[in-house]
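**Q** Got a structure here, written out as structure tokens. Questions coming.
The values are calculated or read from the model by the stated rules, or taken from the named source; none is laboratory data. These numbers were taken from a predicted model, which means no experiment stands behind them. Here the Cβ positions follow ideal geometry from the backbone for every residue, glycine too, while neighbour counts run over all protein chains shown.
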């Protein structure tokens, strides 16, 4: 046996059950704290823009398209990052999305989208996945920042006022109309044509 383990067993043989139980509890709490802290740090780190554009597929394609859009530069100085639009804020949905994203890393590892040509070939497929996710959650990431009750309809065009009122009444997700505003639109039908099972 390993020396330290043998010494620990010998020492614990003379410990009371209470002392042994307290030691196991403290060790469990210490390990849990370290794992929880590391997990929280990992989640926060993977929500940073630096992480998102760390691979050239994102930096050279969708991030390059994002630069200069209304979500990047605007009169109010409020800026959305990748995570604001692509990662849910709710804890359970966030964990589920992070797990899904971990499988998407496979595309990076295998080189599925590692050139502009390959990225363009798979753009529609990737867009449909994101549109589907946003339609299923009612465009929650949009609504984390944009609220119907905070809009000033009198500052909108008549067309926008009418459409927003209809969207609010019908529960239409934002993505049905507001797509292609931060990234180039792929060829093919838009999100409003997607039939999503709730």
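**Q** Which members of region 53-76 meet the condition of being modelled with pLDDT of 90 or more and closer than 22 Å to residue 144 by Cα?
**A** 62, 63, 66, 67, 68, 69, 70, 71, 72, 73
**Q** Contact list please: Cβ distance under 9 Å, first residue in region 165-182 and on the phi > 0 side of the Ramachandran plot, second residue part of a loop (DSSP other than H, G, I, E, B) and crowded, with 17+ Cβ neighbours inside 10 Å, pairs at least six apart or on different chains.
**A** 180/186
**Q** Where residues in region 97-115 are surrounded by 12 or more Cβ atoms within 10 Å (Cβ to Cβ) and more than 9 Å from the chain's Cα centre (by Cα), which of them is farthest from residue 137 (Cα to Cα)?
**A** 115
**Q** Given the criteria within 13 Å of residue 127 (Cα to Cα) and at pLDDT 90 or above, does residue 169 qualify?
**A** no
**Q** Hey, could you check region 154-164 for residues that are free of Cβ contacts under 8 Å to residues at least 12 places away in the same chain and surrounded by 10 or more Cβ atoms within 10 Å (Cβ to Cβ) and say which is farthest from residue 177 (Cα to Cα)?
**A** Among residues in region 154-164 that are free of Cβ contacts under 8 Å to residues at least 12 places away in the same chain and surrounded by 10 or more Cβ atoms within 10 Å (Cβ to Cβ), the one farthest from residue 177 (Cα to Cα) is 156.
Results for (1) within 16 Å of residue 191 (Cα to Cα); (2) in contact with a helix residue (DSSP H, G or I) (Cβ under 7 Å, 6 or more places away or on another chain), shown as yes or no for each residue.
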position	(1), (2)
79	no, no
91	no, no
132	yes, no
142	yes, yes
150	no, no
153	no, yes
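**Q** Exactly one of these conditions fails for residue 180: (1) out of contact with any helix residue (DSSP H, G or I) (no Cβ under 8 Å at 6 or more places or on another chain); (2) exposed (fewer than 12 other Cβ atoms within 10 Å of the Cβ). Give me its number.
**A** (2)
**Q** Tell me whether region 12-21 contains one or more residues that are loosely packed, with under 12 Cβ neighbours inside 10 Å and under 24 Å from the mean Cα position of the chain (by Cα).
**A** No, the conditions are met nowhere in region 12-21.
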